[in-house]
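Here's the structure, in structure tokens; my notes come after.
The values are calculated or read from the model by the stated rules, or taken from the named source; none is laboratory data. Predicted model only: the values in this text are computed from it and were never measured. Positions of Cβ are backbone-derived with ideal geometry, glycine not excepted, and every protein chain shown enters the neighbour counts.
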Amino acid sequence: MKEFFGKERKTILLLLAAVFFAFLISYLSMKDNSIAFWFDQSRDAHLASKIIEDHDLKILGPSASGTNDAVYHGVLYYYFLAPLYYFGHGNPMVPAMVLSFLGCLGIIPLYYFSKRFFSSTKIAWITVFGYVFSVEIIQLSSWLSNPSLAVVPLIIFYWSLWEVGFKNNKAFIIPLAISMGISLQAALWLIYLFGPLLVALLYNYEHFSKKSVLRDWKSNIIFISIVFLLVSSILIGQLMLWKNGIFSLEGLGLSEKITNTSILIPLFKVYFSKIIQTIGPYTPVVAFLILMASISGFTQLPKNNRIFLISWILGPFWLFLIEPRNSIHILISLELAIILILSFQVTQIWQKKSFVSKLIAATLIGVYVFSNLMMFKNHKDTSSNIFSPQQGTNLADQLSLIDYTYAKASGGDFTFSAFTNPHGYYITWAYLYDWYGQKKYGYKPTFVGPNQSGLFGEELLLRDDVSRAKIHFTIVEPDLEVLPQITRDLFIEEQNRLAPIVETKMFGSTKIEFRPI
């Protein structure tokens, strides 16, 4: 593997410069607490903190959505978060910054991978350029959610898969196994990686015959052992769930989903949105035109490169025909394949050497950078995030809201209720009042609302079903249209029973109602 990490001092320095420049862009997107912090993030922060503080060791992560709490993600993300929250004294910005920096380090393996894949240093640098300015990669890397942990491992996985499957390079067996195991721990739905893995192994077997890596039993045993070891906690957890009657294939309703052809349209929409989001999120029409041009450029690639990229792009397809998803984050790493294709296309156009060709190539790069930077500014200005289900409020807004409640209480006791998504879980505000409010003001409010027994963070705040203090607040989170109207009506009725509204303020898109007696 030494040939890939040569002693090219200039290259290494340029790569490190690219890493720090990418991190600078990411830092600008996050500074002043500009990160999304809702239910998932507060739940994970609370549970990860308990690993060190309460010695509460775990073998499973959060349940995968749409599985009726029968299938769970890996636990690695929690152990990654635990020391960061512990030494960061509960501040969510600490793990967000570390995740972001790790994502920026992905520039290094991406460079060497694209250099090998295209046999071109020029294309490799254009690929790095595309990675640095991708608003999607910037936000994914700093997103406080388990899939973010897979950003770099996925780059290493596809690089290793190319080397093992299409180059028959056995030296990449161990990196392939480790990156696959870590990716599965980060997001269980990345089980779709077995799709491109199967394609690569079939290609290898067909084209390398007796020299195929598949005939090397030692390599096979090493690969299977490493992957099994890294996902063993998931397997043990699912086995325990199966023995207790919680997990079963029948309970997932897979047979009904496989025969439901209506899932194809949403799946194609997610694919299309992902591609446009990568190419030109701020200029979708231009992005579509670039997509059409890139498809023609794709046909100019060597056959083995095309097979590899097709297996990469369509890799998730088989799984989501069985278990539908409509969130753009399910296609993480697809943006890398798109950037690779774009880099190749730009280089092909530039190499035609005519002034018009160079102008077109420069325009493609300019549109890509402009579109991503404008979307970056838009997300910053509107406190929005590609991957968050709730938009318009960032951590800074939430902390300002908490400051407002303490200022109104003037050092006295107060209570609050919260209308949240998911409804009935108060963990977001419990965590923020515990981490930020308690440390800054020396005390915490009492929560008035649904019973939190058995839910995340039940011990973080005092709770009283009936009574309320003289100073009471109602917090209403954004994007709650997904909840039934009757649920919203009942909540409003309950809050009006407690006291009428005297003042309403907005912190980002989150509303708070001041209801004193």
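Observations on the structure shown:
- Residues being farther than 22 Å from His379 by Cβ, out of contact with any strand residue (DSSP E or B) (no Cβ under 6 Å at 6 or more places or on another chain) and in the same structural domain as Ala187 (by TED's automatic domain parsing) are represented in region 34-43 by at least one member.
- For region 492-517, taking the residues that are surrounded by 17 or more Cβ atoms within 10 Å (Cβ to Cβ) and basic (Lys, Arg), the one that is modelled with the lowest pLDDT is identified as Arg515.
- Of all residues in region 44-63, one or more are within 22 Å of Leu460 (Cα to Cα), buried (at least 18 other Cβ atoms within 10 Å of the Cβ) and either among the β-branched types (Val, Ile, Thr) or not assigned by TED's automatic domain parsing to the domain that holds Trp189 (or both).
- Number of positions in region 181-227 that are free of Cβ contacts under 8 Å to residues at least 40 places away in the same chain and of a type in the set (Phe, Trp, Tyr): 3
- Matching residues, region 299-318, being under 15 Å from Ile275 (Cβ atoms) and in contact (Cβ under 8 Å) with a residue 12 or more places away in the chain: Leu309, Trp312, Ile313, Leu314, Gly315, Pro316, Phe317
- Meets criteria (modelled with pLDDT under 90, over 24 Å from His379 (Cα atoms) and buried (at least 21 other Cβ atoms within 10 Å of the Cβ)) for Gly66: no
- Qualifying residue in region 172-194 (condition: in a helix (DSSP H, G or I), of a type in the set (Val, Ile, Thr), over 20 Å from Gly315 (Cβ atoms) and in the same structural domain as Ile222 (by TED's automatic domain parsing)): yes
- Subset of region 208-248 [surrounded by 14 or more Cβ atoms within 10 Å (Cβ to Cβ), closer than 21 Å to Asn304 by Cβ and in contact with a Phe, Trp or Tyr (Cβ under 9 Å, 6 or more places away or on another chain)]: Ser212, Val213, Leu214
- Residue that is surrounded by fewer than 17 Cβ atoms within 10 Å (Cβ to Cβ), within 25 Å of Gln348 (Cβ to Cβ), among the basic types (Lys, Arg) and out of contact with any strand residue (DSSP E or B) (no Cβ under 8 Å at 6 or more places or on another chain), where the choices are Lys115, Lys122: Lys122
- Among (1) touching a Leu at 6+ places or on another chain (Cβ under 7 Å); (2) closer than 24 Å to Asp403 by Cβ; (3) part of a loop (DSSP other than H, G, I, E, B) - the single one His423 does not satisfy: (2)
- Subset of region 382-402 (residues that are without any contact (Cβ under 8 Å) to a residue 24 or more places away in the chain and over 17 Å from the mean Cα position of the chain (by Cα)): Thr382
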